[in-house]
Amino acid sequence: MSSRPTVLLIGCGVAGPVLALLLKQKGYHPIVFEKVAALGDAGASLMLNPNGLKVLSLVNGIPSLEHPITTFWHGTPSGTTLVTSDLPRSYPTRYGHSARGVKRTALNLHLKQLLLDAGIELREGWQLNSITENTDSVTAGFTNDQTATGTFLIGSDGIKAASRRLILQKENPATGEGEGPPTFTGLIQVAGISRTTRESPRGRMGNYYGEGVHVIVYPVSASEVSWAVTMSQDKEMAESWQSEGAEGLQARKKMLEEKLAGFEDTVLELVRDADRIISFGLFDRQELEAEQWFSKRCVLVGDAAHPTSPHLGQGANQALEDCYHLSRLLPNVDGDSADYSLAETGLKAVFSEFARLRQPRTSALVKEARRLGHEQRVVFGAERCRERDARLVAAWSDPEKVFEGMDRLLKEPF
Ligand SMILES: Cc1cc2nc3c(=O)[nH]c(=O)nc-3n(C[C@H](O)[C@H](O)[C@H](O)COP(=O)(O)OP(=O)(O)OC[C@H]3O[C@@H](n4cnc5c(N)ncnc54)[C@H](O)[C@@H]3O)c2cc1C
């Protein structure tokens, strides 16, 4: 084992690799454990906003992206504009970065490559299933019967985090109870990536608001557009990224063409054009108190701490804010200075400050995302839809107010 403090990072999604890179810069010896045997296909896409991109830039983590979002467009299914705004054009001067869509797989593989380039060990096919905290160390157990020991452990294993379950179980040792599965929000998404159509201007993030259905469209490369249809569904659907075979693809296209009857051709063409369509349930969880985010030698970040439904486009960006703050608060262990303590009390002080700083902000955003899902994106009844559209127009009518809201989100974390 290296003489530098070893940090066990569980999960190589967004937060795990970024935190590993930041902690390596501070002198730690991070090891990343990922349950998937070989990282690769990881769902459709996500929006990186300036708050997340600032953190990615600290580790050279911004994949080459040449398609910033320059315009927000909100409109009706037939293409009538409710709101159009070129506010994102000012993001670089106001917040230091543009907003950008990225294919999830491209981001994950880029982060994996950065780990390898930095000489950080990544163990794929290692699925966490136990945690034992000792006086000076923590030992993680994996389903492949292997163990690993470090000074502390960071749970960055996403919405179904084993780390979270194990930490919560420690709170209830008598009953061994942790927490149930994530909460199905009653909404699902059907999504794909298609070639850019003539009518879909570059740099535009479009939101189409129908009755009981919402479509979001944004570019993820110079020639590709990511789209996602949100709708309600009574029956819970797993949050699976798997696509189906050719028959399944045709069935999904047919279902969407029926669901999107009356939508402008641009949207229907995207659906027809997709080589692959995925469908998944949308989940979040009840918030944890800040004190539940950590134990003696373990702390949760990202979706493991505050899983969210995607309607605000902030889950990954908040995971990245977590990385910045946790790494900032942990002592620098590079060099000869022994002016730090990774004893239980020292770690607890850091974890506690981190969780107390991050819990209120992330908790509010998770609630806001859930509210948006049901009050703005998937709304039923002609009258309620008219009210929703009017609220949208009103909300965007005062640019100063819009900027105030954006500032609260995007001026962070530094
Ligand atoms: C449909 C959808 C759209 C979204 N769009 C956006 C968006 O536009 N913008 C945005 O900011 N966010 C978006 N999000 C949210 C975003 O994807 C998450 O918030 C983000 O990925 C969280 O990062 P993370 O590192 O915490 O977890 P993840 O990225 O989920 O990574 C967790 C990793 O841990 C691994 N793992 C799980 N269990 C174990 C285990 N037991 N042992 C070892 N490894 C394990 C997983 O395989 C995975 O690689 C969206 C989410 C969804 C569902």
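The values are calculated or read from the model by the stated rules, or taken from the named source; none is laboratory data. Remember, it's a predicted structure, so these values are computed and weren't measured experimentally. All Cβ positions, glycine included, derive from the backbone under ideal geometry; neighbour counts span all protein chains shown. Side chains are part of the model used for accessible areas, which takes the heavy atoms of the whole protein and leaves out ligands, DNA and RNA. Shrake-Rupley method; radii C 1.70, N 1.55, O 1.52, S 1.80 Å.
Can you spot a residue in segment 167-183 that is open to solvent by 20 Å² or more (accessible area, probe 1.4 Å), in contact with a strand residue (DSSP E or B) (Cβ under 7 Å, 6 or more places away or on another chain) and either at pLDDT below 95 or of a type in the set (Gly, Ala, Ser) (or both)? The answer is yes, given that some residue of segment 167-183 is open to solvent by 20 Å² or more (accessible area, probe 1.4 Å), in contact with a strand residue (DSSP E or B) (Cβ under 7 Å, 6 or more places away or on another chain) and either at pLDDT below 95 or of a type in the set (Gly, Ala, Ser) (or both).
Of the set (1) closer than 23 Å to ALA343 by Cβ; (2) surrounded by fewer than 21 Cβ atoms within 10 Å (Cβ to Cβ), all apply to ILE154 but (2).
With respect to being within 11 Å of the ligand (Cβ to nearest atom) and modelled with pLDDT under 95, LEU107 fits the description. When CYS12 is tested against (1) within 14 Å of the ligand (Cβ to nearest atom); (2) in contact with a Gly (Cβ under 6 Å, 6 or more places away or on another chain); (3) in a loop (DSSP other than H, G, I, E, B), just one condition goes unmet, and that condition is (2). Scanning segment 293-352 for residues that are away from the ligand (no atom under 16 Å from the Cβ), among the polar types (S, T, N, Q) and part of a helix (DSSP H, G or I) yields a count of 2.
Looking at (1) in contact with a helix residue (DSSP H, G or I) (Cβ under 9 Å, 6 or more places away or on another chain); (2) more than 10 Å from the ligand (Cβ to nearest atom); (3) not basic (Lys, Arg), which is the one condition that is false for SER57? (1) is the only condition that SER57 fails. The residues of segment 93-115 that are open to solvent by 20 Å² or more (accessible area, probe 1.4 Å), out of contact with any His (no Cβ under 9 Å at 6 or more places or on another chain) and part of a strand (DSSP E or B) amount to a single one, LYS103.
Pairing residues of segment 13-28 that are surrounded by fewer than 24 Cβ atoms within 10 Å (Cβ to Cβ) with residues that are among the basic types (Lys, Arg) and outside any helix (DSSP H, G or I), at Cβ distances under 7 Å and at least 6 apart in sequence or on separate chains, gives GLY27/ARG4. You will find that of GLU321, GLU368, the residue that is among the charged types (D, E, K, R) and under 25 Å from SER163 (Cα atoms) is GLU321 and no other. Would you please name the residue that is surrounded by the fewest Cβ atoms within 10 Å (Cβ to Cβ), looking only at residues in segment 54-92 that are in contact with a Lys or Arg (Cβ under 7 Å, 6 or more places away or on another chain) and of a type in the set (A, V, I, L, M)? Checking each candidate, the answer is LEU65. Within segment 126-164, being outside any strand (DSSP E or B) and within 9 Å of the ligand (Cβ to nearest atom) holds for TRP126, GLN127, THR143, SER156, ASP157, GLY158, ILE159, LYS160, ALA161, ALA162, SER163. Here SER397 meets the list (1) in a loop (DSSP other than H, G, I, E, B); (2) open to solvent by less than 20 Å² (accessible area, probe 1.4 Å) almost entirely, failing just condition (2).
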